[in-house]
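*Asks:* Dropping the structure in here first, questions after.
The values are calculated or read from the model by the stated rules, or taken from the named source; none is laboratory data. In this text, all values refer to a predicted model and were calculated from it rather than measured experimentally. All Cβ positions, even for glycine, are placed from backbone atoms using ideal geometry, and neighbour counts span all protein chains on display. Heavy atoms of the whole protein, side chains included, go into the accessibility calculation; ligands, DNA and RNA do not. Shrake-Rupley method; radii C 1.70, N 1.55, O 1.52, S 1.80 Å.
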Amino acid sequence: MSPVLPELPWAALLILLPLSGATAAALWPPAARAIGLLTTAAGLLLVAGLGAVVADADTLRHPVGGWGAPLGIELRADAMSLVFLAATALVGLGVAVYADSYFERAQARGFWPLWLFLLGALNALFLSADLFNLYVTLELMGLAAVALTAFSGGRAALSGAMRYLLATLLGSLIYLLGVTLLYHATGTLDLTLLAERLEHGPASRTALGLMGAGLALKTALLPFHFWLPPAHSSAPAPVSALLSALVVKASFYILARLWLELFAPLSGLEGAGTGEVLGWLGMAAVLWGSWQALRQSRIKLLVAYSTVAQIGYLFLAFPLLTAAGLPDPAAWRAVLWLVLAHALAKAAMFLAAGNLLRFGGHDRIPDLDCVAQRLPLTVAAFALAGISIAGLPPTGGFIGKWLLLEAALLQGRWDLVAVMLLGGLLAAGYVFKVVGHFFTPAATGHAARPVPPAMEWTALSLAILALLLGLAPAWLLPWLESAVGPGLTEAVP
């Protein structure tokens, strides 16, 4: 541990602080705003402190209550979990500042406890070291996310929230069946002990299938994406940003952990073709989601379908990770980069869409009515975030997709290369479709509502961070070298 840092339980504080803040915000509603903002900002500092400790020790383990695995609960932080924790802290702080101006006072009193509860569940998930705790935190996160989805009320929001609730419960049930099977086969749920005891066979294959299907449903991987566009497009703008940038990444994080640490090292599992199936679904998601986004006439629905497409890019790495039995760490580094870039850019796009909806009272693309002259910061935020989503230089999205494209080229996967190139063209098409209407007058004029400066600057700040991420590969890529996962690292010659 760095000598300038105090001996603090950084991992435990990242969970306890937001949960305590959620309780305090619920008990003292007049102070909910101050509690929410201070707690979220403190979370960013705690992630920085945890990162400094992990940089010295590679992996930090914290036995809760002094009882470690297998009898107790153990928290674990490494470079991989830090990527997701950093994305959560950065996007969470931006959304908190935005929500402070977005919600009216009565709504804000309900938003802050739910947001802090969601933040605590996300942090706990990324720090969990056994399968059952991952399940518990996944459920807590899902319940908070569903409540936030229905937060604005109205038929569309309640319908979207109900779809989300049913999908997340079904996904959790299927995942739990796989966990039960692994526990029966090995007698433990700790990831480290599972990696030592798990053997290739029908039990491991069945568990992988069940857990993968459940997590794919919660991640909204095509064809399990049916719940995502209605939920994300009908929720309030800050909630949409959280759902798209962070919540769907949590189930993907679990799937990646399971794949890299448990299933990839098992001999013969690659022959089952699971990685290829996930890759095919990812390719279908990139093309279908991008095409559907291009066809939309509402901005929030367009950005929601864009999320379906961008999630597909994350799954393109799975066939690369198990090609010819030789996992490729370069593909996983690309995925981690895309996680950061997508979280920042997609949050900025949804916040910018919220500004446009507040300004004009609608989010219909043909009726934007020259918003470039009236909301220049919002227009800049949407455009910068959009070019990162499309993978254009010099953004963070470009670096991530370039790394993934390079890994596919080195393995001769021309199908993945073609899908990535076509997906980039389609993404550029739907982004510039919206940007073009920023400069054109609407057929009918309408009264405009002012947008608070904090809402515009927050969206722009996140978009600028997505841009700056593309200028930082020299110092960030070496750090990602240690985030490829134990199973993957050991398999690479």
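*Asks:* In segment 432-449, is there at least one residue being surrounded by 14 or more Cβ atoms within 10 Å (Cβ to Cβ) and in contact with a Gly (Cβ under 6 Å, 6 or more places away or on another chain)?
*Replies:* No, segment 432-449 contains no residue that is surrounded by 14 or more Cβ atoms within 10 Å (Cβ to Cβ) and in contact with a Gly (Cβ under 6 Å, 6 or more places away or on another chain).
*Asks:* With respect to Ala353, is the statement that it is open to solvent by less than 40 Å² (accessible area, probe 1.4 Å) and farther than 21 Å from Gly436 by Cβ true? If you could, list the steps in order and put the result at the bottom.
*Replies:* Working: open to solvent by less than 40 Å² (accessible area, probe 1.4 Å): yes; farther than 21 Å from Gly436 by Cβ: no.
So Ala353 does not fit the description; no.
*Asks:* Out of the residues in segment 40-94 that are surrounded by 15 or more Cβ atoms within 10 Å (Cβ to Cβ) and of a type in the set (D, E, K, R), state the one that is modelled with the lowest pLDDT.
*Replies:* Selected residue: Arg61.
*Asks:* Give segment 369-405 a look and list any residue that's more than 23 Å from the chain's Cα centre (by Cα), open to solvent by 10 Å² or more (accessible area, probe 1.4 Å), over 18 Å from Ala428 (Cβ atoms) and in contact (Cβ under 8 Å) with a residue 40 or more places away in the chain, or say none.
*Replies:* If the condition is that a residue be more than 23 Å from the chain's Cα centre (by Cα), open to solvent by 10 Å² or more (accessible area, probe 1.4 Å), over 18 Å from Ala428 (Cβ atoms) and in contact (Cβ under 8 Å) with a residue 40 or more places away in the chain, then Asp369, Cys370, Ala372, Arg374, Leu377 are the ones that fit.
*Asks:* Kindly indicate which of Leu210, Leu287 is farther than 30 Å from Arg358 by Cα, open to solvent by 50 Å² or more (accessible area, probe 1.4 Å) and without any contact (Cβ under 8 Å) to a residue 40 or more places away in the chain.
*Replies:* Values: Leu287 fails: without any contact (Cβ under 8 Å) to a residue 40 or more places away in the chain.
Of the residues listed, the single one that is farther than 30 Å from Arg358 by Cα, open to solvent by 50 Å² or more (accessible area, probe 1.4 Å) and without any contact (Cβ under 8 Å) to a residue 40 or more places away in the chain is Leu210.
*Asks:* Among (1) in contact (Cβ under 8 Å) with a residue 60 or more places away in the chain; (2) under 17 Å from the mean Cα position of the chain (by Cα); (3) assigned to a helix (DSSP H, G or I), there is one condition Ser204 misses while meeting the rest; what is its number?
*Replies:* Single failed check for Ser204: (2).
*Asks:* Go through (1) under 20 Å from the mean Cα position of the chain (by Cα); (2) buried (at least 24 other Cβ atoms within 10 Å of the Cβ); (3) over 27 Å from Ala99 (Cα atoms); (4) not small (Gly, Ala, Ser) for Lys218 and report which single condition fails.
*Replies:* (3)
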